[in-house]
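To start, the structure under review is shown below, and the notes come after it.
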Amino acid sequence: MRSYHPDSPDAAGRILALTMIVDGKLAVSEIAAMDSSKILDHIDLDLPGFQRMLQELCDDLLSSRPADAIQLDDALLDRVLAEIAHPDLRRRLLQAMWHIADADDWLADAEAVLLTRASNAWSAERNFAGATARSA
């Protein structure tokens, strides 16, 4: 799996793309949810750039695993999530991830694992509320 600069549009876009495909299918409602969240504007990524990120993610996953067994292990998820360090970006991405995962009215096990892993990794290092209070 390729690496991206920390807090870059590509790193953030990949996490959004992962949220959409982690359950094994890409739903139109998830794309609409991402669009309505305006997260792409916040991370400075346009729709063609996001589509490129989605394709790169799929290419990486297919090239690194047997075609019949695409699974994300904890170490891989941790590496992808670690590319987002800024507390505000983490908070906004997590909100968008929940919005996307909930868009089809079904929280698949793989989506729940990703959301839990992101919540634990990001809030464990810098508590969202605590980091904001300390910086004020």
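Just to verify a number: FRET efficiency for Asp7 and Asp59, C-beta to C-beta distance, R0 = 22 Å, to 0.05?
0.45
How would you rank Glu111, Glu56, going from fewest to most other Cβ atoms within 10 Å of each one's own Cβ?
By the 10 Å Cβ count, ascending: Glu56, Glu111.
Residue by residue through the range 103-113, which ³J(HN,Hα) values in whole Hz follow from phi under the Karplus form 6.51 cos²θ - 1.76 cosθ + 1.60 (θ = phi - 60°), with glycine and proline marked x?
Rounded to whole hertz, the list is 4, 9, 6, 8, 9, 5, 3, 5, 5, 4, 5.
What net charge do the residues around Ser3 carry, taking every other residue with its C-beta under 9 Å from that of Ser3, with Lys and Arg at +1 and Asp and Glu at -1?
Computed value for this residue: +1.
Read the figures in this text as sums done on the coordinates, not as results from a lab. Just so it is clear, the model here is predicted, and its values are computed rather than measured. Methodologically, a virtual Cβ is constructed for each residue, glycine included, from the backbone with ideal geometry; neighbour enumeration extends over all protein chains shown.
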